[in-house]
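Here the structure is laid out as structure tokens; the discussion comes afterwards.
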Protein chains: 2
Amino acid sequence: LDYQHVQVPFEITLWIMLASLAKIGFHLYNKLPSVVPESCLLIFVGLIMGGIIYGLNDRSPPVMDSDIFFLYLLPPIVLDAGYFMPSRPFFENIGTILLYAVVGTIWNVFGIGFSLYGICQVKAFRLQDVSLLHNLLFGSLIAAVDPVAVLAVFEEIHVNEKLHILVFGESLLNDAVTVVLYKLFRSFCEMPTIKSMDVFAGVGKFFVVGLGGVLVGLSFGFTAAFTTRFTKDIRVIEPLFVFLYSYLSYLTAEMFHLSGIVAIISCAMGMKRYVEANISLKSHTTVKYFMKMWSSVSDTLIFIFLGVSTIGENHEWNWPYICFTVIFCLIWRALGVLVLTFFVNRFHVNTITSKDQFIIAYGGLRGAICFSLVFLLPDFRRKKLFIAATTVVILFTVFIQGMTIRPLVDLLAVKRKRESAPTVGEQIHIRFLDHLLAGIEDISGHWGQYYWKDKLEYFNSKYLQKILLREYDQPKSSIVLLYEKLERKHAIELAQAGQLGHGPAHPSFLYSAFLCSSNDRTVITDQKLEDTPNPDVLDNMQEILARNLYRIRRTGPAYNRHTLPGDSEPTEQAKEILILRHKSL
Amino acid sequence: LDYQHVQVPFEITLWIMLASLAKIGFHLYNKLPSVVPESCLLIFVGLIMGGIIYGLNDRSPPVMDSDIFFLYLLPPIVLDAGYFMPSRPFFENIGTILLYAVVGTIWNVFGIGFSLYGICQVKAFRLQDVSLLHNLLFGSLIAAVDPVAVLAVFEEIHVNEKLHILVFGESLLNDAVTVVLYKLFRSFCEMPTIKSMDVFAGVGKFFVVGLGGVLVGLSFGFTAAFTTRFTKDIRVIEPLFVFLYSYLSYLTAEMFHLSGIVAIISCAMGMKRYVEANISLKSHTTVKYFMKMWSSVSDTLIFIFLGVSTIGENHEWNWPYICFTVIFCLIWRALGVLVLTFFVNRFHVNTITSKDQFIIAYGGLRGAICFSLVFLLPDFRRKKLFIAATTVVILFTVFIQGMTIRPLVDLLAVKRKRESAPTVGEQIHIRFLDHLLAGIEDISGHWGQYYWKDKLEYFNSKYLQKILLREYDQPKSSIVLLYEKLERKHAIELAQAGQLGHGPAHPSFLYSAFLCSSNDRTVITDQKLEDTPNPDVLDNMQEILARNLYRIRRTGPAYNRHTLPGDSEPTEQAKEILILRHKSL
């Protein structure tokens, strides 16, 4: 037996296996996951595992290594989140999200830090040795809402899209603030004196860390898109580039002390549309599927490890400090959401209701990021107290808040996500309104989001697409693509229902494709004005539509003898007329 | 800048990126890969990289770590090979493959070992200090044909299936022999005296290592199949189990000093049919695609590292030893193939031609396995000589043989692989003959491969399927599955050609499905005899066929007025007749 030799991969594989089997186990009983969020169940499994290890070895089970967490477990989840981010609601609410993420997090950090410092001054609690800086440092790591925990809970409760993106977007973007504040206070703790210069440098860092992350991410994202231009002959490694470049963007950002989370999200959002156009359909299925699989495994491992790491002798228990931490976390978050939403609502027509505010405040779950950050703290006397307090806050938010949020959403009748996808008609009207608003904004001189979106789209089609897309010479208009996609889907449905050969049974989708074309025509006319007419595309569209419209009329149920068959073969047409005449005789 | 923190994942990602970009680079110029095998190009890139590293640092570049090779790079390639192994030709030629793999490899090991020992006795060469045992040890690592190198070259030259499986199967299965002989001679080298007992134990180990690998692999494979029974509610982690269980089988086998390659191949071959039936179509696309992607990256990395590791100061040059190694490798392989094929041909009707024998002998490429094994040798005086000789043999076989084998295959007009897939008619006849031969073997009492195959199939449908398949209660007959698959494919083709709505344009596939059904009926009748009639399946089939046959006739181009529309709506039928009569008037 040679266990040493294979130990590392063997144990990793076994952990992943355990996590996957646990997942299967929950889903065997359908009732369980509908009551308790999966994250709670996984932490519970982890607690049991930790208990077993502790009982057998009589020493603390291994805690989750912060390096492993930040380098290997977090990136897949964030990549998945960024790649599948619904970009429209995200950019529509970007102002609000940034306000919550930046101002809200700072508010929470200082609120929690200062009030805990106040608690430490009470002599009866015997906490006088915890300095203000240490309390602020603790505040900086406990204040940040955790994307992994939020995703795990919010994916299951199906609240409306705006509410979801507000909480989730905040949890992703507050990483930049957390990184800066955490590192700032950590370095302050080690400095003998703090100059006001350092504080200003810290404020400047916000922008460097956040914007730097965006820049790193976008540059890797565009490089990835550019690379996939050349993979036509080796489709098999196409999916790889999506993962490699995203991961490189994360690592590069971390290397330069920028926000890795922001970088990987920008990378994924930047590359998505170009990569999707360049790679084959099967490659894309692999990318999507594998991303989901990987993030799901990472997520499972994180929660199990969270449970395992809770068991052990790393904790110093101090009732007042821990209880007040939980209370302050709740209070300051609620206050922050109330105050910030008050300002947000003054500038928006589509306001955030008080129910939504409650869910935003209540959905501020803490998770593995806090946990990893607290273990990364330099050793000092009260580190174990901080670890205990962090663990309690995480368990409290994940278990109590995570388990009660679903009943609360039901009770408050919070607006849910619409189940059906928007119809093509709706999409067309939304696009039409976008164009209209962009025009109005341009005329009125108010450079709002529609104006910038329009400019970006222009820049994209004028420069980026030419560089990043392979087949720019013969670009397929989006109407043709949509039509092809619908027809492929329809064909598969027909085949599955065993009805192939009936002709298109849903004239509605042809109608909608036609409607869509009228929308697209505005775009095409636009292009024409810019002296880039594309007769091929138009011909292609007209040919497809003409062919199918004739066929619909022929196979449609309402056979009208007053409308004659259009074109195609005149002999066939003549024959049809002949038969009709014979019949009428 | 904090490079230390991200070094490990960053460098790994960069190496993979380099490998992928190199692959893209070759394929940009279509002519290059058609002349030079990709493996040669990759080694060349590696040599350049190694040269750059050597020039910059002025010390040997890092060599490929044997642990990394055996634990992380080799398994994906072997898993891919096992999962996509064409099982029919493999099992048809299993006897010949095993003969080449076991007897042929032993022949080569001892042939090369003893003749090199003979060379060492020549005083002018100054090699007297290389003992017989060391020569045999060297022979054991240099004799084995490498699956990675063979795959890389044989995938590009498209020889006929039998020839391909003979060389490739040998390269996979000789792992068991190599492992045993290599470890045996290594332990003999360290022992003061060798008892005859140890030699017998060594012979016994062959069976333990080989059969143990098969057992470990099959048990993990069946566990994997059993696990995928329960993944219906969480499709997203289905592909994971295929990878996890295969990898675990490899690691477990390695842990017990069994043949990991044999284990992972048995695991993949054992699980494939059950996993495919249990998991969703998209999961299966992901599994296939990801396996190809991963093995392709591993393969690329191995050849690049091979190139990088060649540069440096690990070599001790001795002209006679190195030249004779190359010569003996060629001679003993050629002799071995000739002698073994002579015996094989005496027992087979379908003989191996002399052209095929030449390609088998010439295709015995050495690769990264030899290279890793030579670095794993314990330190002794002549290790650097062995490294140099191994490097030369690998470069000689990969470059000279790998580059000339394609022209030789053309020159000799070796039978090529048939490009088209076998038609359904052919498949049916093959299956019919299988049943027939199984019956003949049973009657004549000759228990050959057909008899065992039939027994295995019976055992599979009687016991294994019930345990391992999820939907065994309502099994879909293979004819229904085939029909569905064909119709889905056809529908997509139709949609892509923009011809949806024409009705099935290929009556041939319906005809073939019908033919196939007649074949399946024998199986169904069989089941009936075993008191398990399945009226649902039959009804289902009849319904589908009836519906489509009517429709074909209706929409088919040859409209024959003498054959009346079959059934469906009588009113429509009557109307049609009416119109026809009117027309004829």
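The values are calculated or read from the model by the stated rules, or taken from the named source; none is laboratory data. All of these numbers come straight from a predicted model, not from anything done at the bench. Glycine also receives a Cβ, built like all others from the backbone with ideal geometry; neighbour counts cover every protein chain displayed. We work out accessible area using only protein heavy atoms, side chains counted, and drop any ligands, DNA or RNA first. Shrake-Rupley method; radii C 1.70, N 1.55, O 1.52, S 1.80 Å.
Listing for the model above:
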item: Amide proton proximity set for residue B:367, modelled H, under 5 Å, gap of 5+; result: B:146
item: Average beta carbon contacts from partner chains per residue of A:276-283, 10 Å cutoff; result: 1
item: Histogram of C-alpha separations across segment B:3-412, 20 Å bin width, %; result: 26, 59, 15, 0
item: Over segment B:55-118, equivalent-ellipsoid semi-axes from the Cα gyration tensor in Å; result: 33, 25, 8
item: Per-residue average of Cβ from other chains inside 10 Å of A:369-380; result: 0
item: Eligible lysines near residue A:384 by straight Cα distance, threshold 24 Å, same-chain separation 8 or greater; result: A:123, A:183
item: Check: segment A:3-412 dipole with +1 on Lys, Arg Cβ and -1 on Asp, Glu Cβ, in debye; result: 460 debye
item: Low-density loop positions, chymotrypsin sites (Phe, Trp or Tyr not before Pro), segment B:12-121 - DSSP coil, at most 16 other Cβ in 10 Å; result: B:29, B:84
item: P(r) weight above 17 Å for segment B:218-313, C-alpha pairs, percent; result: 57 percent
item: Note, ³J(HN,Hα) from phi for segment B:317-331, Karplus 6.51, -1.76, 1.60, rounded to Hz, x at Gly and Pro; result: 8, 9, 3, x, 4, 5, 4, 5, 4, 4, 5, 5, 4, 5, 5
item: Selected from A:176, A:148, A:164, residue furthest toward positive end of dipole (segment A:140-184; charges at beta carbon); result: A:176
item: Net dipole in debye of segment A:424-471 [+1 Lys, Arg Cβ; -1 Asp, Glu Cβ; about Cα centre; nearest 20]; result: 260 debye
item: Candidates per GluC sites (Glu not before Pro) in segment A:264-371, loop by DSSP, up to 13 other Cβ within 10 Å; result: A:313
item: Residues whose placed amide H lies under 5 Å from that of residue B:64, excluding near-sequence neighbours; result: B:309
item: Per-copy distances of the residue B:314 label point, shortest first, in nm (7 angstrom along Cα→Cβ); result: 4.0
item: Shape parameters for segment B:1-81, alpha-carbon atoms, Rg then Dmax in Å; result: 15.2, 45
item: Qualifying trypsin sites (Lys or Arg not before Pro) for segment B:1-95 [loop in DSSP, other Cβ within 10 Å: at most 13]; result: B:59
item: For residue B:155, label point 7 Å along C-beta direction: distances to other copies, nm; result: 3.2
item: Space enclosed by the convex hull of the alpha-carbon atoms of segment B:167-248, per residue, Å³; result: 115 Å³
item: Sites residue A:193 and residue A:418 - FRET efficiency at Förster radius 51 Å, r taken between beta-carbons, to 0.05; result: 0.35
item: Label spacing, shortest first and in nm, from residue A:190 to its equivalents in the remaining copies (7 angstrom along Cα→Cβ); result: 4.4
item: Furthest towards positive pole of dipole, B:404, B:391, B:425, structure part segment B:373-436, Cβ charges; result: B:391
item: Cross-link pairs beyond the 19 Å C-alpha cut-off, checked among B:162/B:355; B:415/B:489; B:292/B:489; A:282/B:288; result: B:415/B:489; B:292/B:489
item: Selected from B:468, B:456, B:446, residue furthest toward positive end of dipole (segment B:424-471; charges at beta carbon); result: B:468
item: Over segment A:424-471: Rg over Rh, Cα atoms, Kirkwood Rh; result: 1.09
item: Per-residue average of Cβ from other chains inside 10 Å of A:237-244; result: 6
item: From phi via Karplus (6.51, -1.76, 1.60), per-residue ³J(HN,Hα) for segment A:389-394 in Hz, x at Gly/Pro; result: 5, 4, 4, 5, 4, 4
item: Cα radius of gyration and Dmax for segment B:371-493 (Å); result: 25.4, 68
item: Å² of accessible area per residue within segment A:42-160, as computed with a 1.4 Å probe and no ligands counted; result: 38 Å²
